[in-house]
Amino acid sequence: MSRRPRVDPQTKLLHDAVAISATQGWTVVMLSPPMATLSRPVPIHHLLHALLTLLTGGLWAIVWVVVAVTNKPRTMMLTVEDDDRVWWTADGERHPWAP
């Protein structure tokens, strides 16, 4: 009979938070307890940009190209503190994590 490896509570909290975040469209970039880095693409509303390009006689195409070229995925970091609280950090702001 094999025994399952024991997982400490902080690692379990982190894995649970990552699993819930994955259901919300986040992708794991790095997982190294007690922290994980996740990313999610920022959608570009191509239909809206196409409509605006038609309505402005093609002028909006410049904005559309700039948005498409400079679009970067959103990144967040989940951290489990010593008091077993999970925090998320994005854009330099830190908040308590809640699913």
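Only the coordinates and a few stated rules stand behind these numbers; no lab work does. Owing to the predicted nature of the structure, the values given are computational and were not obtained by experimental measurement. Because the Cβ atoms are built from the backbone with ideal geometry, glycine has one as well, and the counts that use them run over all protein chains shown.
Using just its DSSP H runs of length 4 or more, each adding -39500 (n - 2.57), the chain gives a mean residue ellipticity at 222 nm of -11500 deg cm²/dmol after division by all residues.
Comparing 79, 24, 35 along the charge dipole axis of segment 9-96, the residue lying farthest to the positive side is 24, per the Cβ-charge model. For segment 1-84, a crude dipole built from +1 on the beta carbon of Lys and Arg and -1 on the beta carbon of Asp and Glu, taken about the Cα centre, is about 360 debye to the nearest 20. Based on a Kirkwood Rh over C-alpha pairs, give the Stokes-Einstein translational diffusion coefficient of the chain at 20 °C and viscosity 1.002 mPa s in µm²/s. Reported coefficient: 133 µm²/s.
Counted by Cβ distance under 9 Å from residue 42, the other residues give a net charge of +3, where Lys and Arg count +1 and Asp and Glu count -1.
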